[in-house]
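Visitor: Sharing a structure below in C-alpha cells format, with a few things to ask.
The values are calculated or read from the model by the stated rules, or taken from the named source; none is laboratory data. Note that this is a predicted model, so its numbers are computed, not measured. Cβ placement follows ideal geometry from the backbone for every residue including glycine, while neighbour counts extend to all protein chains displayed. Side chains are part of the model used for accessible areas, which takes the heavy atoms of the whole protein and leaves out ligands, DNA and RNA. Shrake-Rupley method; radii C 1.70, N 1.55, O 1.52, S 1.80 Å.
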Amino acid sequence: MTFFQGLPGQQPVPGTLDLPRSPKKLPSTSEAESEASSEDLVPSLGAGVAPGKEEEKALKKKKKKPKGLANMFSVFTKGKKKKGQRGPAEPEGDPEPRPGLDGPLPTVEELKAALEHGRLEAARPLLALERELQAAAAAGGAGEEELVRRQSKVEALYALLRDQALGVLRRPLEVAPERLRQALAVVAEQEREDRRAAAGPGTSALATTRPRRWLQLWRRGVAEAAEERMSRRPAAGAEGRSEAEIVFLHMGRTMKEDLEAVVERLKPLFPPEFGVVAAYAQSYHEHFAAQLAAMVQFELCERDTYMLLVWAQNLYPNDIINSPKLAGELQSVGLGSLLPPKQIRLLEATFLSNEAANVKELMARALELESQHWAQNAAPQRLDGHCHSELAIDILQIVSQAHAKAESITPDLGSQIKQVLLVELAALLRSYQRTFDEFLERCKKLSNYRANVMANINNCLSFRTSMEQKWQVPQDPLSLLLGPLSELKRHGFDSLLQSLFEDLKPLFKKFTQTYWASPEETLEKIIATVGRRLPEFSELQDCFREELMESMHLHLVKEYIIRLSKRCLVLKTAEQQQQLARHILANANVIQHFCTQNGSAATWLHPALPTLAEIIRLQDPSAIKIEVATYATCYPDFSKSHLSAILAIKGNLSTSEVKSIRSILDVSTEVQEPSRSLYSLIKVG
C-alpha cells in the first residue's frame, strides 16, 4: 500500500488536468462554451465532446457562404486524410511558400469570423496571408502605412489563433482527440515558421513579430496550471494531521495522479518535440520544491522537520517519481531532489538531535513512574506465573519507535540514529541501576519488596533479548551496554538471598564448633534449610532462577572452604587426615547433587572441594605439589595464604615441606585473572 492509499481522510483527486492557460481570455465559441469555462476546471475524465461542433452545425445551416471562406474550407476537405496517413499534429518538412492553398485567400474579416468560431483550420490561410504580406514588403510596392495597417490585422488574427489553440491545450483532456491534434499542429507549425523566419532574411519595412514562441507560452501555461492545481485548498484531512501535512499530502496526490493522466492520455497525442511528460513533471516538481524551500526559511517545529524529510527523502522519490506508472517516464527527466543536499543534511542533524532529546525525556519519565510504583508498595503484575514489569517494554518501544521513524525517512538515517539511541539507552540503564539500588536500600520493609525485586530482575531478560536479536549489537558493545543490568541483577540476587544466607551462618559454624565431628549431619541441615526456601524464588524467570541457584551453589562451596580454612583443626596422623578427606568428598557430592538437581549449571565449582580433600589425604609432598598446581589452574585466585590455611590441617608436615609446597604457586603467578571468583571471595588470616 502506498503512502497515499494508507492515509485516511483525503478525498481522491480527479485525474483530469487544468492544462496551460492562454495569455489572454479566450473568445467564446458559443454561450454553452462560455458557461462551461466558468465551471470547475477538473471535470470527469469522460468529458470529451469537442467544442465547436454546435458552431459547425450553425454554419452549415447558413444559406450563403462567402466565396473566400468556402475556398479556405475546401482546401482542408479536399485531401481528407486516409487511414495510415499522418494527422494534423504530424506534418512532414517545412510548409511550402503558400502552404497547400488553391484559389484566392480568404479575407481578414472571413478569417476573423472563422477564428472567433473556434475554426483552427484558419491557421494555414493565416500563415499564407502573413507570407503574402512579407512578400509585398520585400517587393517594395506598398507604402509603409499600408504595410503597417495590413500587419496589424495579421497580428490581431494571430492573437485570436493563439488564444484558440492554447485554449484547447489549456484543457487537453476535455476536448476530442481530433481537435487536440489540430491545436498541437497549429503550435508545431508556428514553431517551424519561427525557425524558418530566423534562418531567412528579414525586412525592415515590417515590425519584427517572430519568433512567436507559442511552445514556450504553452509551457508557461503548463506551469500556471500546475501551480493552480497544487495550490487548491485541500479537502479536510483526517484528525491529528497538521495543516502543513494536509497540504503536502494534497500536493503529492495531485502531482502523482495528474502525471499519471499525462502519461496515459496525453503522451500518445502530443508530438515528441513538446516533451509533454517532462513539461508537466518539471512544472509540478518546481512548485513542490518551492513550497519546501519556502518552509525551511522559517524556524521549524519537530513535526514539520520530520515531515519535510520524509517527503524529500522517501515519499516524493519513492511513491511519486519511482511509482510503477511514472518511473519509466520520469527517469530521463532528471527532476532531482525537492531540497538541496546541504539543506537535507541540516534537517537530518536537527531531526537526530530532536529525537535523541525526546527519547531521553520519554525514557526518564517511564523510569520515574515505575520507581514511584515500587516506593508506593504497588504489587507488580503476574504474567505466566512470573513477576512482571512493563518498564522494559515501555523503554524498548520508545527506542524502537524512534528508530522506525528515522528509517521511514531513509535506511541510512536509521543506521545513524541507531548509534544515538544506543548511547541514550546505555545512559538510561545506568540511571535504572542507580534508582533500583536506592529502592533496595530504602524499601526493604515493604510487603511487595521481594516481588518488585524479582520483577526488575525479570526485566533484564527483555532488555538482553532485544539487544541481541532485534538490535544485533556486537558482543563487546553489548557487554558494556548491558553492564548496568548485570549489576542490577547481582544486587537483586544479593537482596533476595540475604535472609537465607543469614539463616545458614549458624549452621556452617557448627563445622568448626564440633571440630568436624559429624559434618554429614551438619550439611544435611544446611541443605534442608535451602530446600525449604527455594519456592520463594519461583516467580523469577527460569533462566534467572537457575542463575540464582548458581549463586547458592557458590555460597555453599565458599562457606564450606571458609570453615576448612579456620585453622582450628590440626590432624597429626595420616589416618585422621584421610578420614576428614572422606567426609569432605561425601559433603562435596551432596552439595553438587542438590544444586545441580535444582538448576545450577556451575560445573566450574565441582572440583573445588574434592581436590581439597585430595590434598588433605595425600602424604607425599611431591604428589601434593602436583595436586596444588592442577588446582591453581582451575582457580587462579587460589593464593599461598589459602594454601597455607589448608596445609595447616596437615599437622605432620614440616615447615620446609610446607614452604616447598607453597613455592609451586610461584610458577603460576602469571596465570590470567579468573573469569569467575571463588577464592577472591574468601579471606584468610
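Visitor: Answer yes or no as to whether S518 is open to solvent by 40 Å² or more (accessible area, probe 1.4 Å) and small (G, A, S). Steps first, please.
Guide: On the way: open to solvent by 40 Å² or more (accessible area, probe 1.4 Å): yes; small (G, A, S): yes.
In short, yes.
Visitor: Could you list, in sequence order, the residues of segment 338-355 that are among the β-branched types (V, I, T) and open to solvent by 30 Å² or more (accessible area, probe 1.4 Å)? Let's see the steps before the verdict.
Guide: Pass one, segment 338-355, residues among the β-branched types (V, I, T): 344, 350.
Scanning segment 338-355 gives a single hit, T350.
Visitor: Here is a follow-up. What's the number of the condition P97 fails, among (1) modelled with pLDDT of 90 or more; (2) not in a helix (DSSP H, G or I)?
Guide: (1)
Visitor: Okay, moving on. Against the condition among the aliphatic types (A, V, I, L, M), in contact (Cβ under 8 Å) with a residue 60 or more places away in the chain and assigned to a helix (DSSP H, G or I), how does L413 come out, does it pass? Show your work before the answer.
Guide: Numbers: among the aliphatic types (A, V, I, L, M): yes; in contact (Cβ under 8 Å) with a residue 60 or more places away in the chain: yes; assigned to a helix (DSSP H, G or I): yes.
Answer is yes for this residue.
Visitor: Follow-up. Would you mind telling me which numbered condition in (1) open to solvent by less than 70 Å² (accessible area, probe 1.4 Å); (2) in a helix (DSSP H, G or I); (3) more than 18 Å from L396 (Cβ to Cβ) N459 fails?
Guide: Among (1) open to solvent by less than 70 Å² (accessible area, probe 1.4 Å); (2) in a helix (DSSP H, G or I); (3) more than 18 Å from L396 (Cβ to Cβ), the lone unmet condition for N459 is (3).
Visitor: With respect to L346, determine if the residue is modelled with pLDDT under 95 and either under 24 Å from the mean Cα position of the chain (by Cα) or part of a helix (DSSP H, G or I) (or both). Please lay out each step first, then the result.
Guide: Working: modelled with pLDDT under 95: no; either under 24 Å from the mean Cα position of the chain (by Cα) or part of a helix (DSSP H, G or I) (or both): yes.
No, not satisfied.
Visitor: Does V423 fit the bill of being of a type outside the set (F, W, Y) and either touching a helix residue (DSSP H, G or I) at 6+ places or on another chain (Cβ under 7 Å) or in a loop (DSSP other than H, G, I, E, B) (or both)? Before you say what the answer is, go through the steps one by one.
Guide: Working: of a type outside the set (F, W, Y): yes; either touching a helix residue (DSSP H, G or I) at 6+ places or on another chain (Cβ under 7 Å) or in a loop (DSSP other than H, G, I, E, B) (or both): no.
Answer is no for this residue.
Visitor: Pairs needed: first member in segment 329-347, on the phi < 0 side of the Ramachandran plot and acidic (D, E); second member anywhere, open to solvent by less than 60 Å² (accessible area, probe 1.4 Å) and modelled with pLDDT of 95 or more; C-beta distance under 9 Å; at least 6 residues apart or different chains.
Guide: As it stands, the answer is E329/L259; E329/V262; E329/V263; E329/V277; E329/A278; E329/A281, since those pairs meet every condition given.
Visitor: In segment 215-319, which helices (runs of 4 or more DSSP H) lie fully inside it and hold 2 or more residues that are open to solvent by 20 Å² or more (accessible area, probe 1.4 Å) and touching a Pro at 6+ places or on another chain (Cβ under 9 Å)?
Guide: So the answer is 243-261.
Visitor: What do you reckon, is K659 of a type in the set (K, R), closer than 22 Å to Q577 by Cα and open to solvent by less than 70 Å² (accessible area, probe 1.4 Å)?
Guide: On the way: of a type in the set (K, R): yes; closer than 22 Å to Q577 by Cα: yes; open to solvent by less than 70 Å² (accessible area, probe 1.4 Å): no.
So K659 fails the test.
Visitor: Here's something else I'd like to know. Check S565 against each of (1) of a type outside the set (D, E, K, R); (2) surrounded by 15 or more Cβ atoms within 10 Å (Cβ to Cβ); (3) in contact with a Leu (Cβ under 8 Å, 6 or more places away or on another chain); (4) more than 25 Å from Q381 (Cα to Cα) and name the one condition it does not meet.
Guide: Only one criterion in (1) of a type outside the set (D, E, K, R); (2) surrounded by 15 or more Cβ atoms within 10 Å (Cβ to Cβ); (3) in contact with a Leu (Cβ under 8 Å, 6 or more places away or on another chain); (4) more than 25 Å from Q381 (Cα to Cα) is unmet by S565, namely (3).
Visitor: Only one of these conditions is not met by E550: (1) in contact with a helix residue (DSSP H, G or I) (Cβ under 7 Å, 6 or more places away or on another chain); (2) without any contact (Cβ under 8 Å) to a residue 60 or more places away in the chain; (3) surrounded by 15 or more Cβ atoms within 10 Å (Cβ to Cβ). Which number is it?
Guide: Exception for E550: condition (1).
Visitor: Suppose the filter is open to solvent by 50 Å² or more (accessible area, probe 1.4 Å), closer than 26 Å to H117 by Cβ and under 45 Å from the mean Cα position of the chain (by Cα); does P177 pass it? Don't jump to the end; show me each part of the working.
Guide: Values: open to solvent by 50 Å² or more (accessible area, probe 1.4 Å): yes; closer than 26 Å to H117 by Cβ: yes; under 45 Å from the mean Cα position of the chain (by Cα): yes.
Taking the combined requirement at face value, the residue satisfies it.
Visitor: Considering (1) part of a helix (DSSP H, G or I); (2) more than 57 Å from the chain's Cα centre (by Cα); (3) not small (G, A, S), say which one C568 fails and leave the rest.
Guide: Going through the list (1) part of a helix (DSSP H, G or I); (2) more than 57 Å from the chain's Cα centre (by Cα); (3) not small (G, A, S), C568 breaks only (1).
Visitor: Moving on to the next point. Could you say whether any residue in segment 330-337 is open to solvent by less than 70 Å² (accessible area, probe 1.4 Å), under 30 Å from P268 (Cα atoms) and either part of a helix (DSSP H, G or I) or charged (D, E, K, R) (or both)? Explain how you work it out, then say what you get.
Guide: Residues of segment 330-337 that are open to solvent by less than 70 Å² (accessible area, probe 1.4 Å), as a first pass: 330, 333-337.
Among the residues that remain, those that are also under 30 Å from P268 (Cα atoms) are: 330, 333-337.
From what's left, either part of a helix (DSSP H, G or I) or charged (D, E, K, R) (or both): 330.
Yes, because at least one residue in segment 330-337 is open to solvent by less than 70 Å² (accessible area, probe 1.4 Å), under 30 Å from P268 (Cα atoms) and either part of a helix (DSSP H, G or I) or charged (D, E, K, R) (or both).
Visitor: Give the residue, chosen from E355, E370, E390, that is within 18 Å of D437 (Cβ to Cβ) and charged (D, E, K, R).
Guide: From the options E355, E370, E390, the qualifying one is E370.
Visitor: Against the definition (open to solvent by less than 30 Å² (accessible area, probe 1.4 Å) and within 30 Å of C443 (Cβ to Cβ)), how does A366 come out, yes or no? Working first, answer last.
Guide: On the way: open to solvent by less than 30 Å² (accessible area, probe 1.4 Å): yes; within 30 Å of C443 (Cβ to Cβ): yes.
Criteria met by A366.
Visitor: Related question: Name the residues in segment 376-401 that are small (G, A, S) and exposed (fewer than 14 other Cβ atoms within 10 Å of the Cβ), would you? Show your work before the answer.
Guide: First, the residues of segment 376-401 that are small (G, A, S): 378-379, 385, 389, 392, 400.
Answer for segment 376-401, where residues must be small (G, A, S) and exposed (fewer than 14 other Cβ atoms within 10 Å of the Cβ): A379, G385.
Visitor: Using the structure shown, decide if S600 is surrounded by 21 or more Cβ atoms within 10 Å (Cβ to Cβ), under 54 Å from the mean Cα position of the chain (by Cα), modelled with pLDDT of 95 or more and within 27 Å of Q498 (Cβ to Cβ). Quick ask: steps written out before the conclusion?
Guide: Details: surrounded by 21 or more Cβ atoms within 10 Å (Cβ to Cβ): yes; under 54 Å from the mean Cα position of the chain (by Cα): yes; modelled with pLDDT of 95 or more: yes; within 27 Å of Q498 (Cβ to Cβ): yes.
Answer is yes for this residue.
Visitor: In segment 529-552, which residues are in a helix (DSSP H, G or I) and either touching a Pro at 6+ places or on another chain (Cβ under 8 Å) or among the hydrophobic types (A, V, I, L, M, F, W, C) (or both)?
Guide: Within segment 529-552, the subset in a helix (DSSP H, G or I) is 529-537, 542-552.
If the condition is that a residue be in a helix (DSSP H, G or I) and either touching a Pro at 6+ places or on another chain (Cβ under 8 Å) or among the hydrophobic types (A, V, I, L, M, F, W, C) (or both), then V530, L534, F537, C543, F544, L548, M549, M552 are the ones that fit.
Visitor: Then there's this: On the basis of being farther than 16 Å from R430 by Cα, within 52 Å of the chain's Cα centre (by Cα) and assigned to a loop (DSSP other than H, G, I, E, B), does Q498 make the cut?
Guide: Numbers: farther than 16 Å from R430 by Cα: yes; within 52 Å of the chain's Cα centre (by Cα): yes; assigned to a loop (DSSP other than H, G, I, E, B): no.
Judged against the criteria, Q498 is not a match.
Visitor: Using beta carbons and a limit of 9 Å, which pairs, at least six apart or on different chains, have the first residue in segment 132-150 and touching a residue at least 24 places away in the same chain (Cβ under 8 Å) and the second one basic (K, R) and outside any helix (DSSP H, G or I)?
Guide: Once the first residue is touching a residue at least 24 places away in the same chain (Cβ under 8 Å) and sits in segment 132-150, its partners that are basic (K, R) and outside any helix (DSSP H, G or I) give E132/R98.
Visitor: Within segment 438-454, can one find any residue that is among the polar types (S, T, N, Q) and exposed (fewer than 15 other Cβ atoms within 10 Å of the Cβ)?
Guide: yes
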